[in-house]
Amino acid sequence: LAKTTQPISMDSYEGQEVNITCSHNNIATNDYITWYQQFPSQGPRFIIQGYKTKVTNEVASLFIPADRKSSTLSLPRVSLSDTAVYYCLVVLYNTDKLIFGTGTRLQVFP
Amino acid sequence: DAGVTQSPTHLIKTRGQQVTLRCSPKSGHDTVSWYQQALGQGPQFIFQYYEEEERQRGNFPDRFSGHQFPNYSSELNVNALLLGDSALYLCASSLFDNSPLHFGNGTRLTVT
């Protein structure tokens with residue numbers, strides 16, 4: 001499974017758009033890119049998953065360029081409640097074996 | 001619709017003891033995975049159960065074992081506890097068809 005690299009931490013302010021970029025240079029053809037959010041003392045929560053181009057749901061967008069060596073999670077108009085750790089994962093299709101890194105700690109200020 | 005539930009929420013054990021953690025998957029899910037999360041680290045995959053069999057395993061010793069029951073619920077057993085086993089143990093469930101994992105809020109195990 002491809003290893004991912006993402007910033008250790010990011011700061012933002014309420015109402016701003018936050019983009020968290022993840023590098024995954026050796027992603028394989030059958031791998032998907034998945035993002036999870038985790039609050040302290042809670043389990044990770046699925047945010048979004050994609051294979052290529054752009055995926056959007058009610059909480060986030062995921063942008064994946066054609067070479068798939070990186071991806072960007074976009075959170076529109078963050079609020080204080082978006083303060084959490086965000087994990088970028090490369091996931092082999094049809095497996096529950098997720099390889100988590102240390103994630104990006106997002107701090108949103110008023 | 002209940003999500004993934006884990007019990008107990010907190011547990012304190014002594015080195016050398018054995019512990020059993022329990023997990024009920026989200027309604028409709030048939031696959032359960034277990035993860036260990038040390039403080040400040042990302043979760044680490046322990047193993048996955050489907051159809052009452054262990055299907056995949058991470059780099060954990062045989063002291064870590066599990067079971068899945070016909071109702072899809074699961075147990076994680078850890079024998080001969082070490083101080084380093086202190087962590088948040090997360091259970092996740094899914095359908096065996098590439099659906100995203102749904103995690104419980106974990107059991108916080110402290111080994112003294």
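Couplings 3J(HN,Hα) of region A:102-110, computed from phi: 8, x, 10, 8, 9, 10, 9, 9, x Hz, in residue order, whole Hz [Karplus 6.51 cos²θ - 1.76 cosθ + 1.60, θ = phi - 60°; x for Gly and Pro].
Straight-distance candidates among the lysines for linking to A:K52, with alpha-carbon spacing under 27 Å and chain neighbours fewer than 8 residues away dropped: A:K3, A:K69, A:K97.
Listing A:F109, B:F64 from fewest to most neighbouring C-beta atoms within 10 Å gives A:F109, B:F64. The aspartates and glutamates within cross-link reach of A:K54, meaning a Cα-to-Cα straight distance under 18 Å and a gap of 8 or more places when in the same chain, are A:E17, A:D31, A:D67.
So between A:M10 and A:T83, what do we pick up on full extension, going 0.36 nm a residue minus the alpha carbon distance?
Extra length available between A:M10 and A:T83 comes to 25.3 nm.
Counting DSSP beta bridges in the protein assembly as shown, what percent are antiparallel, to the nearest 5? It would help to have the intermediate numbers written out before the result.
Numbers: 65 of 74 bridges.
Approximately 90 percent, going by the DSSP bridge assignments.
Using the Cβ-Cβ distance between B:H10 and B:A80 with R0 set to 25 Å, the FRET efficiency works out to roughly 0.75.
The phi torsions of region A:36-53, fed into the Karplus equation with coefficients 6.51, -1.76 and 1.60 and a -60° offset, translate into couplings of 10, 10, 9, 9, x, 6, 10, x, x, 10, 4, 9, 6, 9, x, 10, 7, 6 Hz, rounded to whole numbers, with Gly and Pro shown as x. For B:D30, the residues whose amide H sits under 5 Å from its own are B:S94, B:L95, B:F96, ignoring neighbours fewer than 5 places away on the same chain, with H placed 1.01 Å from N. Fewest neighbouring Cβ atoms within 10 Å first, the residues A:I33, A:I8, B:I12, A:I20 line up as A:I8, B:I12, A:I20, A:I33. Taking a sphere under 14 Å around the Cβ of A:Y51 and counting the other residues whose Cβ falls inside, with K and R at +1 and D and E at -1, yields a net charge of +2. With θ taken as phi - 60° and the Karplus curve 6.51 cos²θ - 1.76 cosθ + 1.60 applied, the whole-hertz 3J(HN,Hα) list for region A:62-77 is 10, 10, 10, x, 4, 7, 6, 8, 8, 8, 10, 8, 10, 10, x, 6 Hz, x standing for glycine and proline. Highest mobility in the GNM of chain A, judged by mean-square fluctuation with C-alpha springs under 10 Å and restricted to A:S81, A:S70, A:S23, is found for A:S81.
Just to be sure I understand: with springs between alpha-carbon atoms less than 10 Å apart, which residue in A:D67, A:D82, A:D31 has the highest mean-square fluctuation in the Gaussian network model of chain A? Maximum fluctuation in the GNM of chain A, among the listed residues, is at A:D67.
Using alpha-carbon positions, what is the distance between the centroids of region B:24-60 and region B:66-112, in Å? Comparing the Cα centres of region B:24-60 and region B:66-112, I get a distance of 6 Å. Counting, for every residue in A:97-103, the Cβ atoms of other protein chains within 10 Å of its Cβ and taking the mean gives 6.
In terms of its C-alpha gyration tensor, region A:1-106 comes out prolate, because a/c is 1.5 or above and the ratio a/b outweighs b/c. GNM on chain A, alpha-carbon springs under 10 angstrom: the most fluctuating residue among A:Q38, A:Q49, A:Q16 is A:Q16. With a simple spin-label model that places each label point 7 Å from the Cα along the Cα-to-Cβ direction, the separation between A:N25 and B:R57 comes to 3.3 nm.
Bear in mind these aren't lab numbers, they're just calculated from the coordinates by the rules spelled out. Not measured: the values here are computed from a predicted model. Using ideal geometry, Cβ is built from the backbone for each residue, glycine included, and neighbour counts are taken over all protein chains shown.
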